[in-house]
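K.L.:
Structure incoming, see below.
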Amino acid sequence: MAKARVAVLISGGGTNMAALLYAAKRPDSPYEVVLVASNNPDAEGLKLAQAEGVATFAQSHVGLKRVDHDEIMHNHITKAGAAYVVLAGYMRILSESFVEKWDGRMLNIHPSLLPKYTGLHTHQRAIDAGDSVAGCSVHLVTADLDEGPLLGQMEVAVLPNDTADSLAERVKIAEHQLYPRTLADYVSRATDPDYLTSKVREIALAQPEADEVVSH
Ligand code: GAR
């Protein structure tokens, strides 16, 4: 089956992008990375993507209206033929129109066990709250920041002497495991029997006066 074409958006180091890229090198990966794009022309991750032979694009957001910057990004993503947008440390709030265009086809990774700690400083907030477990979440992107439907989570134990940095480092290791796997499952959902059954059930139960009965 053809691989799902994915554009990864980054703003910085791009370690999640690298994890996604290397996982995509497995012959059985159901997705391929066709573009790495950034709002930061100096993002370290761009150099790595180039060295790996992946097309890159950078457009600074400075001086541009949010909606205009998003439009430029959208045009490049569609030009690359991407069917999915994968946010990997893309530190931009997205315009409503961009989110709408990619509805159901845009994923994000967030360094907390959502719905806990949306926004920034997630690791310090987990430590300050005395949490024994932190972690990361992959979710679909909707108009509300860090609030779309969850696709996967991974817990990470908080150690007694953890700082925000040491915890962030371990959470990233977990992110690198979680993101490629969750993306692969998501783009393969059309061939997943459980997903298909749930869709059939959803459609059937939406019929007037439909009810579910167990049949043997
Ligand atoms: C990751 O920890 C990711 O979860 C976080 O930024 C980091 C990017 O690291 N994203 C957010 O906080 C988004 N709300 P990376 O550039 O090394 O992948």
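The values are calculated or read from the model by the stated rules, or taken from the named source; none is laboratory data. Because the structure is predicted, anything quoted here is derived from the model rather than measured. Positions of Cβ are generated from backbone atoms using ideal geometry, with glycine treated the same way; all protein chains shown enter the neighbour counts. The protein model used for the area step is the full one, side chains on, heavy atoms only, and it has no ligands, DNA or RNA in it. Shrake-Rupley method; radii C 1.70, N 1.55, O 1.52, S 1.80 Å.
K.L.:
Out of curiosity, is V133 surrounded by fewer than 17 Cβ atoms within 10 Å (Cβ to Cβ) and touching a Ser or Thr at 6+ places or on another chain (Cβ under 6 Å)? Please lay out each step first, then the result.
P.N.:
On the way: surrounded by fewer than 17 Cβ atoms within 10 Å (Cβ to Cβ): yes; touching a Ser or Thr at 6+ places or on another chain (Cβ under 6 Å): no.
For V133, the condition - surrounded by fewer than 17 Cβ atoms within 10 Å (Cβ to Cβ) and touching a Ser or Thr at 6+ places or on another chain (Cβ under 6 Å) - is not met.
K.L.:
I'd like the full set of residues that are under 12 Å from the mean Cα position of the chain (by Cα) and open to solvent by less than 80 Å² (accessible area, probe 1.4 Å), limited to region 143-158.
P.N.:
Correct list: D146, G148, P149, L151, G152.
K.L.:
Further question on the same structure: Of all residues in region 129-147 being away from the ligand (no atom under 12 Å from the Cβ) and in a loop (DSSP other than H, G, I, E, B), which is modelled with the lowest pLDDT?
P.N.:
Taking region 129-147 and keeping what is away from the ligand (no atom under 12 Å from the Cβ), we get 129-133, 140, 142-144.
The next check asks that each one be in a loop (DSSP other than H, G, I, E, B); those that pass are 129-132, 142-144.
Details: A129: 98, G130: 98, D131: 98, S132: 98, T142: 97, A143: 92, D144: 88.
This residue is D144.
K.L.:
I've got another one for you. Give the residue that is nearest to the ligand (Cβ to nearest atom), with candidates limited to residues of region 11-29 that are hydroxyl-bearing (S, T, Y) and in a helix (DSSP H, G or I). Steps first, please.
P.N.:
Initial filter on region 11-29 (hydroxyl-bearing (S, T, Y)): 11, 15, 22, 29.
Now drop any that are not in a helix (DSSP H, G or I), which leaves 15, 22.
Values: T15: 3, Y22: 13 Å.
Per the stated criteria, the residue is T15.
K.L.:
Could you please find all residues in region 199-216 being surrounded by 10 or more Cβ atoms within 10 Å (Cβ to Cβ) and part of a loop (DSSP other than H, G, I, E, B)?
P.N.:
Within region 199-216, just A210 meets the criteria.
K.L.:
Collect the residues in region 40-55 that are open to solvent by less than 10 Å² (accessible area, probe 1.4 Å) and outside any helix (DSSP H, G or I), keeping them in residue-number order.
P.N.:
Matches in region 40-55: A43 only.
K.L.:
Just a yes or no: is a residue in region 181-198 open to solvent by 90 Å² or more (accessible area, probe 1.4 Å), farther than 21 Å from Y31 by Cβ and either in contact with an Asp or Glu (Cβ under 7 Å, 6 or more places away or on another chain) or of a type in the set (S, T, N, Q) (or both)?
P.N.:
No, that holds for no residue.
K.L.:
Does at least one position in region 73-85 carry a residue that is among the aromatic types (F, W, Y), within 17 Å of the chain's Cα centre (by Cα) and over 17 Å from R181 (Cα atoms)? Please lay out each step first, then the result.
P.N.:
Our first condition is that a residue be among the aromatic types (F, W, Y); within region 73-85, this holds for 84.
Cutting the leftovers down to within 17 Å of the chain's Cα centre (by Cα) gives us 84.
From what's left, over 17 Å from R181 (Cα atoms): none.
Within region 73-85, none of the residues are among the aromatic types (F, W, Y), within 17 Å of the chain's Cα centre (by Cα) and over 17 Å from R181 (Cα atoms).
K.L.:
If only one of E100, E71, E96 is in contact with a Phe, Trp or Tyr (Cβ under 9 Å, 6 or more places away or on another chain) and more than 29 Å from A174 (Cβ to Cβ), which one is it?
P.N.:
Working: E100 fails: in contact with a Phe, Trp or Tyr (Cβ under 9 Å, 6 or more places away or on another chain); E96 fails: in contact with a Phe, Trp or Tyr (Cβ under 9 Å, 6 or more places away or on another chain).
Selected residue: E71, the only one of E100, E71, E96 that is in contact with a Phe, Trp or Tyr (Cβ under 9 Å, 6 or more places away or on another chain) and more than 29 Å from A174 (Cβ to Cβ).
K.L.:
Could you say which residue among I93, I173, I109 is within 12 Å of the ligand (Cβ to nearest atom) and open to solvent by less than 20 Å² (accessible area, probe 1.4 Å)?
P.N.:
On the way: I93 fails: open to solvent by less than 20 Å² (accessible area, probe 1.4 Å); I173 fails: open to solvent by less than 20 Å² (accessible area, probe 1.4 Å).
When all the criteria are applied, what remains is I109.
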